[in-house]
Each structure stands twice: as structure tokens, then as C-alpha cells.
Protein chains: 2
Amino acid sequence: MPSKKSSKKINPPKGTRDLYPEDLLRQRYITNAWRDASIRCGFEEIAGPTFESTDLYAVKSGDGILNELFQAFSGKSPAEIEQVQATGTAPYALRPEFTPTLARMYAARSKELPKPCKWFTAGPYFRAERPQRGRLREFLQWNVDFIADDNSSESRAIADAEILSTIVNLFQLLGLSNGDVTVAYSDRRMAESVLREFGASDSTLSDWLAWIDFIPKNPRIAERNAHELGLTQEQHDLIIGFFFDQKENSELYAELERQPELTKEYLAFQQRILSVPEVTDAMSQLQRAGKIAENLGIKGWGFQHNAIVRGLAYYTGLVFEAIADGERAVAGGGRYDNLIELFGGPPTPACGFGMGDVVLSNLLDDKDLMPTGLELREAVSRPQASIRPDAFIVPNGDEANEPLVHTLAANLRRGIESESWLSREDHKPWQQDRYSVAPMHARISYKSTRNLGKLKADAAKQHAKFLVEIHGPDKVELRDMDQRDAHTSSLGSFSIDPAAENYIGNAIADRL
Amino acid sequence: MPSKKSSKKINPPKGTRDLYPEDLLRQRYITNAWRDASIRCGFEEIAGPTFESTDLYAVKSGDGILNELFQAFSGKSPAEIEQVQATGTAPYALRPEFTPTLARMYAARSKELPKPCKWFTAGPYFRAERPQRGRLREFLQWNVDFIADDNSSESRAIADAEILSTIVNLFQLLGLSNGDVTVAYSDRRMAESVLREFGASDSTLSDWLAWIDFIPKNPRIAERNAHELGLTQEQHDLIIGFFFDQKENSELYAELERQPELTKEYLAFQQRILSVPEVTDAMSQLQRAGKIAENLGIKGWGFQHNAIVRGLAYYTGLVFEAIADGERAVAGGGRYDNLIELFGGPPTPACGFGMGDVVLSNLLDDKDLMPTGLELREAVSRPQASIRPDAFIVPNGDEANEPLVHTLAANLRRGIESESWLSREDHKPWQQDRYSVAPMHARISYKSTRNLGKLKADAAKQHAKFLVEIHGPDKVELRDMDQRDAHTSSLGSFSIDPAAENYIGNAIADRL
């Protein structure tokens, strides 16, 4: 320990931030939006320790993370000091990501916890990487996870859709458009199958995935790496064709079209790939989740993009990235169905994402979507999302009405922007008159039952204020859950169409 | 680094917490109250890094803290790994307290920052001590600090008073009474002078202060320690008499009264002490701050108690503790006028305190003042204090009206509880009908000027909504700062008495 000094200028550690009042308000603007979007989409906040046992990250984090850990030890414990002196490693690590903590927490109480667990958290994370624009050594991260106890294809699809739509809900809340940022998604199993076709093995698969992940970042270097993986130029082109055969990469696609020979071979290759059962299953699962996600509000924001594979080892299905201006990843995540079991829990399907505050605040600055001065103070002081659900939406038992549950949930969670605000030239998301119907906390049931009594009990258990029972697009019953008498609790029939006079969102807003 | 394992149950590190949704809401209830009390009392939020250079704590933290640091290093840096292997110490430490960071941050920008800086922060802190009830290795702490650029006795008194009254504002907000918790304060210089009278020297003073600090915790052991410090039984009794000569320690006082001889000697000793200039100065400064603090709302909550000395080395004047049930310290702090200079800043008087979430939540549980279930969800969802000041209170230039500025600020910051709520038998602080006038964010000016134009400019710079100009207890002018025209901005004359029909608080609340 250095000796006491009389007067000394000490700087903050490299890659960390001192937040003065104005900086703090800007950060608060972002964390408020994170909380609001999560809560409105029905997620509940949790928190874990800032440091964990180093072992926790050895279980499944990729080498990239393991090499960038800040390690910690108690300076009071002779045993711990002895360990660092002898080995150069410490028993604890400042958390570099949240997922291992989440898996540990769920595994520890999997039996008692209500299902599904829809959890979010926002706090500091640490990576000992070189600081640069968008990357610090200490940053805030928002994590949102949907943990189910039901492994059916339907259950996984709704979880994936809820996760994707929560990201879009945040972007809309912050005034970003789908011209600013989009959500590209794929299924990790598709990429794995294709790469195995070209010779990837269990032991080399992660190198291949890392290669695909790297292509959009630097195509030229990636091409060189391809040769190192043993690919011929033709194989390289076929793979590029498959992974980047998207309207967003029309240049590559056009290249492919200019070479008829290659195209022929490509089509044969594609057919071969599409007959692999794992690929077929992944594609139909993606379509299923994508359809629900569209109902839940990601239409125009999300699209399938085969080249999304994500670096981390543990993803088992859906993988996705929110990409700003076609290049910067603002958020990323996916499905990790095997992870909770690794931490001693039961086999548990789960899906989630992380988003850092540094990249997001840079994006908001670039798009002129960060308030300042008085507007910042007012924006940060607005009432936040209600922890108590404003609405709990259930179908009336008719299967045809089930997609309407998602449509209405998306509308209520997003709110309805006012004509007057939309018609103003320089409208900004923080302005007081933005909404004619303010965003609400809207929940849906994940129970497989269609029994209305059971669904109502679910709503009551979650402390919902209003129950919304959907009989069709123009007939929705609203009930006040605080009125015990079923007869008096019914408040009338409404429409789910925001343009209708009797829009259900207006009816709820009037009563909140 | 341990190798990857297949399935493993890993526990959270000892003394840290996994917060599931219900736990998180309980913690949020506390952090919301911290933020509300700070903001209403005019403090602005800041934040610093979670870890700092270990050197930062070597500058001035006591040995108690230095021995309990969690140390950290980058596992990616060969130089840092080499350091820990060679020395068993690391370049970084998880912050054990906030004050050194605050001093560093102020020193780094002392020239540009608006004065005074009234700052608060709430976040995680770390100490490698043995976990026990009320003490964890990772906990949240609320820090509130008043940093001035004016060293006058008056400026220091108002800063001390604002700090003391912010603690009381929090307690009232949480529904605690002055039967549950009180704020005991003293001036470190008094204790130092007395102890020097009995032989304490520069080098032993901190041991003597630690001894005094320890007496209420364990009087029997403290008595033994006194002999180790070389005190005779008579000297011991005199010191006890001086430090604990309070109505709160009437037992000790009664003992003293039963021994006429000792009492005589004690009175002589007291007289001697009271002629030491530093003691006289400390006492008059305490009285000055205490008087303002009473106007600011601590009447019935705060009292002078000579035995409060605080353990940390850096206090230079006021020292205080919030004590629950006569024994548990819930918060502590004091004045540290030399600290910012130690970090390379200009000589800067400052005063502040810290409060942990663990002890506070235990206290709320014990007093049945923590909501649960639906009430907890509703309490946490209430709108929080406005970052924009609701009111900025200025005197009209007549010195006699200046104390009224503090009285009104205290009333507005506390809010007025409703008759209906008070008359209900089992009223709880989180109930919806608690206030007839809800608490507000009320600021006052610290400028020495009495020029109304300059004060108004100060209010405008701080984005205040309303200016309140005090002409007397029953004549207070209210002006809307958003109306530029001075003529139309005047909203009428009101009273500062909460019982009056035309109470200014009602007038402001109606317009917010």
C-alpha cells in the first residue's frame, strides 16, 4: 500500500467516467427509458452482485471475455493474497456480463419462482479492453431475459418475440426510427449447419462462427481469414452468398447474379442446405417467432439476416443484433437453452439481450435525440412506467382472437402519438404533448389454458388494474380488477383499433 | 484461470446479494426516497467509477478502511499481474466510500463548476469485512455533500444546516419519527481540545478519538482501554462526564451528581475547557448551524451530543450521526475542510454524510415502515421529485425575513400531511392520501447579495418554475418564472403558514 501523501492529483482509472450533474441526467434519461420499456413490456427488475467468483465466467463465457476480466480479491484475506501472489489470478472478477449471474440466480430458486420469469436489470459492467469510441472499461448495460419452463416451439416463439419487441419498444420510446436502427435476426443452428457442410467440426465451429461474425466488420481481412480456414474462392463465394443474400447486401447479391455459373451452384447448395432437418426446424421456428414479433410491433423494424451469428459460445437458437446506420451494433442477444442447466438448474429455455449505455448515447447524440438544459430536466422528471400492470390482456377462448392479444399489447405498450405532435415540424420524443394515449404497462398470459377464470386469476396475482378480454377487433371487454363484484367491474365494450372513437387505450387511460 | 466445467453450482460471493423482483422493489423504495429527499433539498446527482486507483484511498481514508479494501487489477495487463504477484497489492480498489472520489471530481473542475456544489450520489460500495446483521461486503450507500467556495462562518453554518436537514427530510419521508431516530451532532474540535487537555498528542489523538467513539458501543471495554491510554479513574470520569453530559445519558449524569467532589472538579474542568478559543469558536459555530438547521426543519430531531466524534481522520468541524433506537448508527458524516486541497484542488470547505441501505432497510422493517405486495408496487411507481426546482425562495432584502426563507423551504420540501391521513389509525407513509400539499423541490440562494435582480437571475439559471419573494410571514409574492413579463408573472400574495387559507404551498401546488 502506498504511504499517505500530502497533496496529489489522482486521475480516474482509464476507461471510467466521472459523471457531473449534466452527464448524470443524460445517463438517467437512458436508464429511465430502459426501465420504462422493460416494465411496460412486463419485465420485472432484478439485480446481482457487482463482482462474482471468477469460476462463474469460466463455465461458459467465451475466451474473449475471459481474457478481459478485471480480477478482484480481499486485501484482508491472507489466503486470497497468497493466491494472487502465487498464480497471478484472483478469486473474484468484476462482472463483464450479466447472463451467468442470471443463470445462477434462476438455478438457485428454479422451483419456487413463478413461471415464466421475465427479468431485466441495469447496472455497471467491466471489461479490461482498450477504451475507444463506444467502448469503455466501465459501462452500464441493460439486460432483458425471458426464462420459460416450457420447451414447446410455441412457448419459445412467444419468448423470442417478446424479447425482440422490447428492443423495438425502447427505440420508439427514444424517438429512433427504423431508418436509424433495425433488428437483424437469425437462428444460430442454420449457420452451424451450413458451416459444417463446408468442413467445420465441433472443435473448429467457434472459429468459423467468429469468421462470419467478422465479415461485416472488415470484409477484406475476412476474405484472407477464409483462406486460412481452408476454403477455396468458390466455397467462400457460396458462403458469402448464403449469409449475405439479403436485400441489405444487394451489392454482394448482384455480384452473384453476374456470375451465372456460380448462381447455379449456389442454388444447388441452397437446396441441399434446406433439406437438413435442423435448418428446416430453425427456419420454421424463426418464421413462427417473426410472425408473433410482427404482431408485437416489430413490423418494419426486424428482418431475418443469415449472417447474424453472435460471438458467444452459448447461443442455441435465435440470435440477433440491433444495428444502427447499417453498421454499429447497439444491442445483441439470443436464445441460450442449455445455460441454466450448466449452473445446476433444470433444463430451461431462455432468451435475452444486452445493450450498453455508451453506444446508445452516441447514437442519440448523432441523431439529435438527446434533450439538453430545461428539456432534459423535464424529460427525466416525467412519471415512469407503473410497476403495477395497467392492463392484462386475455383472449376469450377463440383461437382466432389470439393474435389480437399481441397487437393490442404492442399498441398499449407503445402508446399513441398525437396528431398535433406528429404534425409539428421539429417534434422530439421528450415533448410533453407527444402522446394522445400514453404508453402503458400491458401484460399477457403465457398459460396454455383458455379458461377465462384461470386467466383472470393470473391477472389478479400480478396485481393488474384492468382486465381486457378480447372477443374480436371491435369487441373488447374492459373490467376493473379492483372491483370485486364481477357484475359492476365490467366497464363496457371497446375497439382495439387506435383510430376508433371507442379505442380501448383511451378507455383505460381515462380511468388510470 | 480454472478450466471450463460441465455443470456446477456456484454461489454468490459471501456478503453480496441476489435481488429477486420483490427484493429489488424494496431496495428501489429506499433509493427512490434517497433521490427524492436529495432533489427536494436542492442537491444534484453525480456518479463516479465503481473502482478507483488504490492510491486514492491512501491519501486520507483511515486504516480501518485501507485494511478492508477489495483490490482489483486487469487480468489482461502483464504489468498489473506482475505487480500483484510481486507485492500482493493491486493498482485498483473497489470503492469503500465516496468522499475521495467526490474530492477528486471537485478538484478536477473546481474553476468551472457553479458554486456551491450541492451533490448527491447513490451506488454500490465494497468492504472486505466480516458480514453480519446490517453489514455486507457489497452494499448501497447514499452520499450527500455541500461544497462551498466561501469559508465564512455563515456559509459553513448554512451548509452544515442543509446537510443535517436533508437527513431529517429523508426520515420524515419514510415515516420515521423522532422517537425512532435522532441526529446527534458535535464539533470534532471540541473533542480534540478536551482530549489534548488530558494528554492526547498529534500522534495519539486518533487513538483517543477512536476510544471516545467506542464508549457507547461497549462502555465496559472502553473503561479498560482508558487505563491503557494512561488515564486515572478520576480523569476517566471527568471525560465521561464531559462527553456524555446530556439528557440522553442521564444515568451517567446522575452518577456524577451523586459525587459532589467529582462534580466540583468537573465544573472547574468544564470552565477551563470553555476558555480554550478553539472550543469557544466550535461551540458558537455549532449554535449558529443548529439554529439554521432548526429553521430548516430538524427541530425535535437534532441535538448536540459531545460524544459524537466519528472515526475517520479527515473531519475538521461538525460531526454527526443519525442514531436509531438510541444505539444503531444509520448515517454519519461531518465537515472536511482540508480534503479537496489534498486532492489538488483549492482550499474548499465541504460537509457531507453517507447512509447505507442495509441498516436503513432493517430499521424500516423493524418499525413496520416497509410496504409489501400491491402497496410496494404502488409506492415505487409514484412520480418522483422534479429535477426542475418547483420553487426558489428569496428574501426581499430585509434581514429579519431571512430565517423565514429557511422555514418556508423546510415546509415545502417536507410537504403538509392531510388531516384525513393523520386521523386514520394505521396511516402509513406510502398511502396515496398522505399529503394535502405534496413535498416540493425548493431551493434557496447562497449568494451573499440582497439584490433581488441578481437573486432572480440565480433562480432563472437554475430553471426554477416559481420565484417566492418573502416580505414577511403573511406577505409572500409568488412569480411564475416562465412568464417573461414581470408584470404578468406576479401571481399574488400569500402566507408562509401552512395553516393559513392562502398558504403559499397550496398556491404553488395548484399551479404545478
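The values are calculated or read from the model by the stated rules, or taken from the named source; none is laboratory data. All values reported here derive from a predicted model rather than from experimental measurement. So basically every Cβ, Gly included, is an ideal-geometry build from the backbone, and we count neighbours across all protein chains shown.
Evaluation of A:Asn11 against the conditions (1) part of a loop (DSSP other than H, G, I, E, B); (2) under 27 Å from the mean Cα position of the chain (by Cα); (3) modelled with pLDDT under 95; (4) within 8 Å of chain B (Cβ to nearest Cβ) shows that the sole unmet condition is (2).
Those strands (runs of 3 or more DSSP E) of segment A:364-473 in which 1 or more residues are farther than 30 Å from A:Arg484 by Cβ occupy A:435-437. Given the conditions (1) closer than 30 Å to A:Gly373 by Cβ; (2) polar (S, T, N, Q); (3) surrounded by 15 or more Cβ atoms within 10 Å (Cβ to Cβ), and given that A:Asn506 satisfies all but one, which numbered condition is not satisfied? All conditions are met except number (1). With the structure loaded, tell me whether B:Lys76 is without any contact (Cβ under 8 Å) to a residue 12 or more places away in the chain and either of a type in the set (Ser, Thr, Tyr) or within 9 Å of chain A (Cβ to nearest Cβ) (or both) or whether it fails that test. When the stated conditions are applied, B:Lys76 passes them.
Filtering segment A:343-356 to residues that are within 14 Å of chain B (Cβ to nearest Cβ) and surrounded by fewer than 21 Cβ atoms within 10 Å (Cβ to Cβ) leaves A:Gly344, A:Pro346, A:Pro347. Put simply, of B:Ile46, B:Ile39, B:Ile30, B:Ile81 the only residue that is at pLDDT 95 or above, in contact with a Phe, Trp or Tyr (Cβ under 6 Å, 6 or more places away or on another chain) and not charged (D, E, K, R) is B:Ile46.
Counting only residues that are among the charged types (D, E, K, R), part of a helix (DSSP H, G or I) and closer than 21 Å to A:Tyr315 by Cα, segment A:205-231 holds 2 of them. Inside segment A:465-479, residues that are surrounded by 17 or more Cβ atoms within 10 Å (Cβ to Cβ) and away from chain B (no Cβ under 14 Å) make up a count of 9.
Tell me the residue from B:Ser203, B:Ser193, B:Ser186 that is hydroxyl-bearing (Ser, Thr, Tyr) and free of Cβ contacts under 8 Å to residues at least 24 places away in the same chain, please. On inspection, the qualifying residue turns out to be B:Ser203. Among the residues examined, A:Arg109 qualifies as surrounded by fewer than 18 Cβ atoms within 10 Å (Cβ to Cβ) and within 13 Å of chain B (Cβ to nearest Cβ). The residues on offer are A:Gln432, A:Gln462, and the sole one that is surrounded by 15 or more Cβ atoms within 10 Å (Cβ to Cβ) and either outside the structural domain of A:Lys291 (by TED's automatic domain parsing) or among the hydrophobic types (A, V, I, L, M, F, W, C) (or both) is A:Gln462. Listed conditions (1) buried (at least 22 other Cβ atoms within 10 Å of the Cβ); (2) more than 7 Å from every other protein chain (Cβ to nearest Cβ); (3) charged (D, E, K, R) are all met by A:Glu52, apart from (2).
The residue list B:Gln233, B:Gln172 contains one member that is more than 19 Å from B:Arg272 (Cβ to Cβ) and touching a residue at least 24 places away in the same chain (Cβ under 8 Å), which is B:Gln172.
Note on segment B:383-412: residues that are within 14 Å of chain A (Cβ to nearest Cβ) and without any contact (Cβ under 8 Å) to a residue 24 or more places away in the chain total 1. Set side by side, the residues A:Gly415, A:Gly397, A:Gly354 differ, and just one is outside the structural domain of A:Ser495 (by TED's automatic domain parsing) and small (Gly, Ala, Ser), which is A:Gly354.
Within segment A:39-46, at least one residue is facing chain B (nearest Cβ under 7 Å), assigned to a loop (DSSP other than H, G, I, E, B), under 24 Å from the mean Cα position of the chain (by Cα) and touching a residue at least 12 places away in the same chain (Cβ under 8 Å). Checked against the criterion of being assigned to a helix (DSSP H, G or I) and more than 10 Å from every other protein chain (Cβ to nearest Cβ), the candidates A:Ile81, A:Ile65 yield just one match: A:Ile65.
Could you go through segment A:180-192 and let me know if any residue there is small (Gly, Ala, Ser) and in contact with a Leu (Cβ under 9 Å, 6 or more places away or on another chain). Yes, the conditions are met somewhere in segment A:180-192. Taking the listed residues B:Ile508, B:Ile470, the one that is in the same structural domain as B:Ile416 (by TED's automatic domain parsing) and closer than 24 Å to B:Pro383 by Cα is B:Ile508, with no other qualifying.
Being surrounded by fewer than 23 Cβ atoms within 10 Å (Cβ to Cβ) and assigned by TED's automatic domain parsing to the domain that holds B:Phe353 narrows it down to one of B:Phe303, B:Phe320, so name that one.
Only one candidate qualifies: B:Phe303.
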